[in-house]
Amino acid sequence: MRVWAIANQKGGVGKTTTSLALGRAMVARGLRVLLVDLDPHASMTRAFGVPSEPQPPGVVDLFGAPPPTLASLLRPSPTEGLDFVCAQTALATLERRSATQPGLGLALSQAITRHDGGHDAILLDCPPTLGLLMVNALAAADRLIVPTQCEPLALYGLAGMVRTGEMVERSRQRPLPTSIIPTMYDRRTRIGRDTLAQLQVEYDGRIWSEAVPVDTQLSNADALAQQVFSGDPPGRALAAYARALDWLMDEDRALEAAA
Ligand SMILES: Nc1ncnc2c1ncn2[C@@H]1O[C@H](COP(=O)(O)OP(=O)(O)OP(=O)(O)O)[C@@H](O)[C@H]1O
Ligand SMILES: [Mg+2]
């Protein structure tokens with residue numbers, strides 16, 4: 001079972017979109033996928049049509065004692081083979097508890113290790129903050145996927161996230177390969193083209209050779225959910241995500257072969 005964390009300390013770079021789009025592309029290939037919403041803002045949970053009040057069962061319950069199984073928290077989505085675990089707004093209070101409760105950083109990875117729900121992949125949609133929830137995701141992940149916008153301001157967030165991944169890798173002494181996916185690329189703008197070219201040079205070997213284009217079909221949560229859950233042929237951004245998935249799978253295979 002693959003566990004991929006989709007993370008960036010910067011907000012609005014396409015983490016949730018990337019999680020949903022990669023999940024869809026995996027299911028289209030016959031894989032069974034579990035998406036986990038780790039963001040207290042619960043964008044992904046809302047995209048699945050689950051209201052935030054009353055709070056649904058979800059990720060926060062994994063931090064209780066004794067924790068429930070992941071299997072007892074998951075919900076089926078409208079797409080066969082795609083299940084999800086909700087985020088709750090109560091996740092926002094977790095960071096405060098973490099100061100007094102040691103060991104909370106491994107709650108998610110312990111739940112995933114025990115999980116036997118027949119999934120081929122678990123995708124973790126992270127919040128845009130380096131806190132307990134992102135730490136949980138990075139501890140559980142065997143690949144870090146960093147979506148980044150192709151604009152100069154996004155480069156700082158990307159550099160910070162890559163450094164965080166390297167720190168986690170050193171402290172846990174288990175590889176955490178990083179894969180960067182440029183998102184919302186507008187090839188008509190000079191700044192977009194220049195930034196993408198700079199990214200490709202700076203992160204050579206860790207970045208996808210293409211970019212997910214700006215696509216109005218993904219420009220808001222409703223449009224995104226419509227694209228992801230409908231059986232319609234994928235638009236240009238979702239088609240790009242399917243190619244990004246090919247690259248990520250190739251990267252996984254290369255790692256396995258090297259090991
Ligand atoms: N390729 C795309 N083309 C056009 N709009 C996009 C594209 N990808 C994402 N968006 C839009 O950009 C916005 C931010 O995307 P998303 O919510 O996936 O980012 P995020 O990193 O998860 O944000 P947050 O940090 O708030 O969790 C959303 O409104 C989404 O619909
Ligand atoms: Mg998000």
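Here is how the numbers come out for the structure above:
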{"quantity": "Filtered residues of the stretch 147-164 (kept if assigned to a helix (DSSP H, G or I) and either free of Cβ contacts under 8 Å to residues at least 60 places away in the same chain or open to solvent by 30 Å² or more (accessible area, probe 1.4 Å) (or both))", "calculated": "L155, Y156, A159, V162, R163"}
{"quantity": "Selected residue (only one of T129, T195 is touching a residue at least 40 places away in the same chain (Cβ under 8 Å) and either among the basic types (K, R) or part of a loop (DSSP other than H, G, I, E, B) (or both))", "calculated": "T129"}
{"quantity": "Total residues in the stretch 25-66, condition within 14 Å of ligand 1 (Cβ to nearest atom) and open to solvent by 40 Å² or more (accessible area, probe 1.4 Å)", "calculated": "3"}
{"quantity": "Within the stretch 132-146, tally of residues that are touching a residue at least 40 places away in the same chain (Cβ under 8 Å) and either surrounded by fewer than 23 Cβ atoms within 10 Å (Cβ to Cβ) or in a helix (DSSP H, G or I) (or both)", "calculated": "8"}
{"quantity": "Identity of the residue in the stretch 207-239, crowded, with 16+ Cβ neighbours inside 10 Å and within 19 Å of V162 (Cβ to Cβ), that ends up nearest to ligand 2 (Cβ to nearest atom)", "calculated": "V212"}
{"quantity": "Output for the stretch 65-78, where each listed residue is at pLDDT 90 or above and assigned to a loop (DSSP other than H, G, I, E, B)", "calculated": "P66, P67, P68, T69, L74, S77"}
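The values are calculated or read from the model by the stated rules, or taken from the named source; none is laboratory data. Remember, it's a predicted structure, so these values are computed and weren't measured experimentally. Reconstructed Cβ throughout: ideal geometry from the backbone, glycine too, with neighbour counts over all protein chains shown. Surface accessibility is based on the protein's heavy atoms, side chains included, excluding ligands, DNA and RNA. Shrake-Rupley method; radii C 1.70, N 1.55, O 1.52, S 1.80 Å.
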